[in-house]
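Worksheet: one structure, shown below.
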Amino acid sequence: MASVIVVGKNSSREVPLRGAVSVVGRDGGVAVELGDLQVSRRHALLVAAREGFFVKDLGSRNGLTLNERRLPPRTQAPLRNGDVLSLGRTTLVFKDLGDEAESGEAAEPTLKLDAPALARGAAPRADGAGKGERADASASEAPRRPAAALSVLPCAHVARGGAASGSPRPDPERGVAPSPSAEASIPRALPPGSAPTYHGHAEVLALRALVERAERDRAYYRNLSLALFVLLALTLLGVLLWALAAERPGAPAPQAPRAGAAIPAVPTEPAPAVPGRPRLDRAAFDRAVHPILAARCAGCHEDPARGGELLLARSNDAATRAANFAAVLPFVRAAAPEQSPLLLAPLPPEEGGLPGACGPVLSVDSAEWQRLRRWVLAGSSGAPGAGALAPANLPPIARVRGPVRGRVGERLLFDGGASSDPEGAALRHRWSVVAAPPSSTARLEGDDTARVRLVPDVPGRYVLALVVRDGAATGSAEHELTVEPAEAGPARAGPPELDGLFLALLGRPPSSEERARFARAAPEELRRFLRERPELTERWWKEELVHFDLRGEHRPRGEPWNSLPERVRSGRFSVEDAEYALLVGKSFSARYRGREAWVRAALEKLLGPELGRRADLVAAAERIYDGEEAPFLGEPARGQVGLVQALVGSREARRYRLRRALRAARGVEPTAEELDGALPLLERDPGAFFEVLVEQVAR
C-alpha cells in the first residue's frame, strides 16, 4: 500500500493512502492533516490512478515543490517511490514499494540516516546486505530519486568513491560474475554543471538541505521568541513607569526612611502672614480639610479642562498635601471669608453656591462643609494660632431673598427666613438700609422681623443689610436693589398687597402684565391664578427638601423626584403622597441611618420638635419600626411602612404641615384658630392643601 512519510524535526510519521483521492492540508479530517501554518487548509491532492500515483496542487498560497522543483498551480505530476514533496515548512516523502516491484528492481538494503552526520557530509551507513544481484546497466540507467531524512530508506549506492558494505559478493561455484567496482561504476569527479545520476549522492544532498532547513526554522522561532519576550518586558516597564508617574503627579516619590533614622517632621506652623492673604493653619488643613478636598473635589479638579484654575490631587502623601494647601490659598478671601470661592463653589445655587463645571458636592448643613467653613473663618481672623476647627460657637448664616429690580412707589417684600444657624439655635433678625440715593427718605417696615417691606421713593441704587444673631455670634448678608422711575398711567397701580402675595407664594414679584391684569381683578381670580402657577409647587418642594434636610449629596435625584412638583400641581399626587415617598425612599434612609436616628427624624419632621420628642411616642414608634403591631396616633401600624402611613395621615402631621407653610409664606406664626379652621377641609380632601394655603395667605 502506498503511503507518505511526514518528516518532522525530531520524529516522523507514516500516513497510509487508502482512498483513491487523498487530501493534504491543514483542515481537520483530511487524509494527511498537517499542523503547519504555512500550509493551506486544502493544499494538494494525492490521486491513485491506473498509471500510478499523481500529485496535484490545489492553488495553494505557498505552492508545492516536487523534488525541489516547483509544481505549477492546478497542475498534476506523477509520483515515484522516494519522491520528496515540500509544502510550506513541511516535507513529505512518497513511499510505494509496489512501484519498485513492478519495475523489476530488487529490494535494496535499508539505510539508517544520522542528520548531524549528514550535515557534516558523512556517508550514510547500511545495516543489511542486498538480497539480490543487479546488472551494471540497471545501476547506471536508474532514474534519479532524491531521498529525505528518514530513519529507513531503500538505497543502492551509499558511499562516495567505494563499494557499499552490503553489495553482493561473487559466487565462483554458481558462476555469478562479480559486480563492477565502485571506481568503474561511479566517476571520481563530475563534469561541471552536471547532476549526479546515482542514488546515494542525491540522497545526501536532499538530507543535508532538510537539516539546514530545520536549523533555519529553529533559529527563526528562537529569534521570534526572544523578540516577543523583549517586547513584553519593555511594555511592562512602560506600564510600571506610567503608574509611578500617575501616583505622584508633579512630585518626587517619597524615600522610605532607614531603620533607626530620624524622620523629619513636616512643618505644621501657620503660613506666614502675607498682606491680603488669610493666615490658615497648615496642620488643621492636613488633618481635617485635605481629606474633604481629596474625597469630594479632587475627582473634578485634578483635570485642568474641568477644574479650571484650582488643581487638586487625591494622594495623601506630604508632597500632595503641601501642593493642595498652596492651591487653595488664592480661593480664600481674608476680607470676606464667607464669600470665599472655596466655600461657595461646592454648594448648590439655591444655597448661594457659585455655578461651575464640577457642580455641587456639599450642602450648607453637611458636617464636611461646616468643617471647611470653620477652617476658613478661623484662619481669616488673623489672630495668632488661628485655625482651630472646634470653636465654642459657630456664627449663623444670613440669607436674603427678594426682588432685585423695582419701581418708585412699589411695596417690595424681602425675606430673611432662610437664614440658619449650624447649631440650630433661634435667630434674631435686624435689617437696615446701608445705601440709598441721597434724597431718599424710605424706611423699612418691621426691621426686627424675618421679613421686611420697603417702598422706594427715589430712583437709584438701594442696598439692604441683614444681620442675624444666635446670642453669641452674628452673620450678615447684603442685597442690592435697582429702582426705576414709576410708570405713567393708572394701570400701573395695583393692590398694595399684590407684590406681597406674589413674593410670599411664588418667590418673585409680579410682572408688569400681571400687575395690570390683577389691578382691579376679583380676589377669586387672583387666588385661582396663584394656585395654578408652577412656581407655587416648585417653591414648596424646595422648602420641603430643606425641612427634611435632604440637600447636597442627600438630595433625591432622577425620577419621580424631578417631576414631582408638576404632579402635585396637576393633582396626581397630594402633599401627603410626596411626604410618604420621601420617608420610604432611599435618600431619607441614607441621611438618617439606623433605627434610632430614622425614627427621631421622622417624628420631628412630621409632628414638630415638641410632639416628636415625646418619649412615649418615640418608644412606640421604635417598636413598630421593629415589626411589632401597635396603635400609633389612633391608627394601627406595623413595620416601617405602616409607621410612615400613620404619621403622614395623622391630624397632628396635617396641622404641623400647614403651620410650617403659613409661617414660611407670611413670616409669622399662624394662630391656633386659623389652623383649627382649615383642618376639616384637609381631612376631607388632602389634595386641597394649596387651596387652603393661598386662601390663608391672601387674607
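What Kirkwood hydrodynamic radius, in Å, does segment 282-379 give when the mean of 1/r is taken over all pairs of distinct Cα atoms and then inverted?
Working: mean 1/r = 0.0746 Å⁻¹.
By the Kirkwood definition, the hydrodynamic radius is 13.4 Å.
Suppose a student asked you for the relative contact order of segment 629-699, using Cα pairs under 8 Å spaced at least 6 residues apart; what percent would you report?
22 percent
Using unit Cβ charges (K, R positive; D, E negative) and no other charged atoms, how large, in debye to the nearest 20, is the dipole of segment 2-96 about its Cα centre?
Values: 15 positive and 9 negative charges, 39 e Å.
Dipole of segment 2-96, to the nearest 20 debye: 180 debye.
Ratio of alpha-carbon Rg to the 2.2 N^0.38 Å globular estimate for segment 641-699, to two decimals, please.
Cα-based Rg divided by the globular estimate yields 1.12.
Can you compute the charge dipole magnitude of segment 536-675 about its Cα centre, using +1 on each Lys and Arg Cβ and -1 on each Asp and Glu Cβ, nothing else charged? Give it in debye, rounded to the nearest 20.
Values: 26 positive and 23 negative charges, 87 e Å.
Dipole about the Cα centre, nearest 20: 420 debye.
What is the sum of charges around residue 566, taking Lys and Arg as +1, Asp and Glu as -1, for the other residues whose C-beta is under 10 Å from the C-beta of residue 566?
On the way: positive: 567, 569, 572; negative: 538.
That sum, taken over residues with Cβ under 10 Å, equals +2.
Which of 563, 340 comes first, and how do the rest follow, when ranked by fewest Cβ neighbours within 10 Å? Before the final figure, lay out the partial values.
Numbers: 563 13, 340 20.
In order of increasing Cβ crowding within 10 Å: 563, 340.
Once the Cβ-Cβ distance between residue 234 and residue 595 is put in as r, and R0 is 60 Å, what FRET efficiency do you end up with, to the nearest 0.05? Display every interim value, and only then the final one.
Details: r = 58 Å, r/R0 = 0.97.
So the FRET efficiency works out to roughly 0.55.
How large is the charge dipole for segment 503-559, taken about the Cα centre, if only the Cβ atoms of Lys, Arg (+1) and Asp, Glu (-1) carry charge, to the nearest 20 debye? Intermediate results must be reported in sequence, preceding the final value.
Numbers: 13 positive and 12 negative charges, 45 e Å.
Roughly 220 debye for segment 503-559.
Between segment 646-677 and segment 289-327, how many Å separate their Cα centres?
With segment 646-677 and segment 289-327 each reduced to a Cα centre, they are spaced 46 Å.
Any chance you could list P(r) for segment 516-594, counting all Cα-Cα pairs in 10 angstrom bins from zero, rounded to whole %?
The calculated distribution, bin by bin, is 16, 44, 22, 13, 5, 0.
Can you give the percent of C-alpha pairs in segment 496-698 whose distance is more than 21 Å?
On the way: 11382 of 20503 pairs.
Cα-Cα pairs in segment 496-698 separated by more than 21 Å: 56 percent.
How high is the relative contact order of segment 282-379, given as a whole-number percent (alpha carbon pairs under 8 Å, six or more residues apart)? Provide the component values of the computation, followed by the final result.
Values: 115 pairs, mean separation 21.9, N = 98.
Reported relative contact order: 22 percent.
In whole Å, what are the Cα extents of segment 405-484 along the three principal axes, biggest one first?
41, 19, 17
On a full-extension model of 0.36 nm per residue, what is the gain between residue 37 and residue 9, subtracting their alpha-carbon distance, rounded to one decimal in nm? Could the numbers behind the result be given before it?
On the way: separation 28, 0.36 × 28 = 10.08 nm, distance 1.56 nm.
The span from residue 37 to residue 9 would gain 8.5 nm if fully extended.
Less than 14 Å Cβ to Cβ from residue 89, Lys/Arg counted +1 and Asp/Glu -1: what total charge do the surrounding residues give?
Details: positive: 9, 26, 61, 213, 216, 218; negative: 36, 212, 215, 217.
Summing Lys/Arg as +1 and Asp/Glu as -1 gives +2.
Taking H placed 1.01 Å from N in the peptide plane, check which residues at least 5 places from residue 64 or on another chain put their amide H under 5 Å from its amide H.
When sequence neighbours closer than 5 places are left aside, the close amide H contacts are 71.
How much net charge surrounds residue 623 when only other residues with a Cβ under 12 Å from its Cβ are counted (Lys, Arg +1; Asp, Glu -1)?
Values: positive: 595, 638; negative: 616, 622, 626, 628, 629.
Result for the local shell: -3.
Sort 670-677, 531-538 by the packing proxy (mean of other Cβ within 10 Å over each peptide's residues), most packed first. Don't skip to the answer; put the middle values down first.
Details: 670-677: 12.8, 531-538: 16.5.
Listed from highest to lowest mean packing, they are 531-538, 670-677.
For segment 2-96, report the convex hull volume of the alpha-carbon atoms normalised per residue, in Å³, without decimals. Let's see the in-between values first.
Details: hull volume 8.3 nm³, N = 95.
Dividing the Cα hull volume of segment 2-96 by its residues yields 88 Å³.
Under the definition of Cα pairs under 8 Å and six or more residues apart, what whole-number percent is the relative contact order of segment 496-698? Each step should come with its number before you reach the end.
Numbers: 197 pairs, mean separation 36.8, N = 203.
Relative CO of segment 496-698 lands at 18 percent.
Under a point spin-label approximation (7 Å from Cα along Cα-to-Cβ), what is the residue 570-residue 513 distance to one decimal in nm?
Taking the simple label geometry, residue 570 and residue 513 are separated by 2.3 nm.
Please rank 32, 4, 584, fewest neighbouring Cβ atoms within 10 Å first, as an exposure proxy. Before the final figure, lay out each step's value.
Details: 32 22, 4 25, 584 15.
Going from sparsest to densest Cβ surroundings: 584, 32, 4.
Taking the number of other C-beta atoms within 10 Å as the exposure measure, put 235, 474, 90 in order starting with the fewest. Spell out each step's value before the answer.
Numbers: 235 10, 474 15, 90 19.
If I rank by nearby Cβ atoms, fewest first, I get 235, 474, 90.
Laboratory data are not the source of any read-out in this text; all were calculated from the coordinates shown. Keep in mind that what you see is a predicted model, and the values were worked out from it rather than measured. Note that we place each Cβ from the backbone using ideal geometry, even for glycine, and neighbour counts take in every protein chain shown.
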